[in-house]
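Novice: The structure is given below, and queries will be raised subsequently.
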Amino acid sequence: MMPMPKPKPMPMPKPMPMPMPKPMPMPMPKPMPMPMPKPMPMPMPKPTPMPMPKPSPMPMPMPQPTPMPQQGGKWHGKGVDLSDPCSATGFSCLKRTGYQYAVIRAWRSSGVWDPDCASNINNAISAGMNPVDVYMFPRPKGASGSSQASQLWSKLQTTQFKGTVWVDVEQESPYWSTQSANQQFFTDVVHTLQSLGATVGVYTSKSQWTEIMGSSFQGGKNLPLWYSHYDNTAAFSDFTRSAIGPFGGWSTPAMKQYQGDQSACGCNTDFNWSP
């Protein structure tokens, strides 16, 4: 038996590559725009107001009152005394005319405060007179000397007064009493005023003092003397004459009233002099 020839393997045909169809591009759908949510407005925190520093108030300059001229001088040259009202204009005129100081009635012979005293004092000081004194015409047959003196001093404390209180000793009987009673009354007035802090002087004349107090009484000799003698002479030359001085223990006066009942610058005055 003949062997069967082995069949030759048939070559397998190579498969033809099949072209791959190109994929058709699929149009991409356009994305639908998504509406953006509107942002919710966030409330802005209100800023805490910073307190503004209050500006320090600038101090407004206070109007300064016109200072009153200083008091405390002594009598020198010519001056006036008066018991009637005198305006600031009148005192200014008197000052320009050459009268340097003034003595104002503060206590009336009726035993009461003179209501014109305070304005006269202020007007005289404003005019530049220095010193500005007052005189007290006490009433011996009224309240006690110490009571009248205390009342006077209390009233003077409400004014610009810084001068001398002159105790007026004049007008004889029946205004005054007996000489011994007059001496005691005078002493009470003077001591009370001094105890309250007043500087005290005496206004009188030799004839008045001798009649009222007595020729031997020297209760005022340590006080300044303002004497009256209407000789129209601004000098003490008359004080050496026996009818005028010395008296009451005074050897040298401080001031002289040399002319009375005058009118000057619209004011009723007496004229005085001191060296």
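The values are calculated or read from the model by the stated rules, or taken from the named source; none is laboratory data. Just so it is clear, the structure is predicted and the values come from calculations on it, not from any experiment. Counting neighbours? That spans all protein chains shown, and the Cβs are built from the backbone with ideal geometry, glycine included. With ligands, DNA and RNA removed, areas are computed over all heavy atoms of the protein, side chains included. Shrake-Rupley method; radii C 1.70, N 1.55, O 1.52, S 1.80 Å.
Novice: In the list Thr192, Thr204, which residue meets the criterion of being in contact with an Asp or Glu (Cβ under 7 Å, 6 or more places away or on another chain) and surrounded by 18 or more Cβ atoms within 10 Å (Cβ to Cβ)?
Specialist: Thr204
Novice: Using the structure shown, decide if Val165 is within 26 Å of Gln259 (Cα to Cα) and among the aliphatic types (A, V, I, L, M).
Specialist: When the stated conditions are applied, Val165 passes them.
Novice: Could you give every pair whose Cβ atoms fall below 8 Å, whose first residue belongs to segment 197-211 and is over 15 Å from Glu172 (Cα atoms), and whose second residue is surrounded by fewer than 19 Cβ atoms within 10 Å (Cβ to Cβ) and not hydroxyl-bearing (Ser, Thr, Tyr), counting only separations of at least 6 or pairs across chains?
Specialist: What qualifies is Val200/Gln194.
Novice: Report whether or not Thr66 is open to solvent by 50 Å² or more (accessible area, probe 1.4 Å) and either touching a Pro at 6+ places or on another chain (Cβ under 9 Å) or at pLDDT 95 or above (or both).
Specialist: Here the answer is no, as Thr66 does not meet what is asked.
Novice: For segment 78-165, give me every one of the helices (runs of 4 or more DSSP H) that falls completely inside it and has 3 or more residues that are without any contact (Cβ under 8 Å) to a residue 24 or more places away in the chain and crowded, with 22+ Cβ neighbours inside 10 Å.
Specialist: It comes to none.
Novice: Another one. Out of all the residues in segment 230-253, which are of a type in the set (A, V, I, L, M) and in contact with a strand residue (DSSP E or B) (Cβ under 6 Å, 6 or more places away or on another chain)?
Specialist: Selection gives Ala234 alone.
Novice: Scan segment 168-186 for residues that are over 20 Å from Gly201 (Cα atoms), in contact (Cβ under 8 Å) with a residue 24 or more places away in the chain and assigned to a loop (DSSP other than H, G, I, E, B) and report the count.
Specialist: Matching residues across segment 168-186 total 1.
Novice: A further question follows. Looking at segment 211-255 only, could you name the residues that are crowded, with 17+ Cβ neighbours inside 10 Å, of a type outside the set (D, E, K, R) and outside any loop (DSSP other than H, G, I, E, B)?
Specialist: If the condition is that a residue be crowded, with 17+ Cβ neighbours inside 10 Å, of a type outside the set (D, E, K, R) and outside any loop (DSSP other than H, G, I, E, B), then Ile212, Met213, Leu225, Trp226, Tyr227, Ser228, Phe239, Phe247, Trp250, Met255 are the ones that fit.
Novice: Out of all the residues in segment 146-205, which are aromatic (Phe, Trp, Tyr) and under 26 Å from the mean Cα position of the chain (by Cα)?
Specialist: Trp153, Phe161
Novice: Just one of Asp261, Asp270 is out of contact with any Cys (no Cβ under 7 Å at 6 or more places or on another chain), more than 19 Å from Val167 (Cα to Cα) and either at pLDDT 95 or above or surrounded by 15 or more Cβ atoms within 10 Å (Cβ to Cβ) (or both); which is it?
Specialist: Checking each option against the conditions leaves just Asp261.
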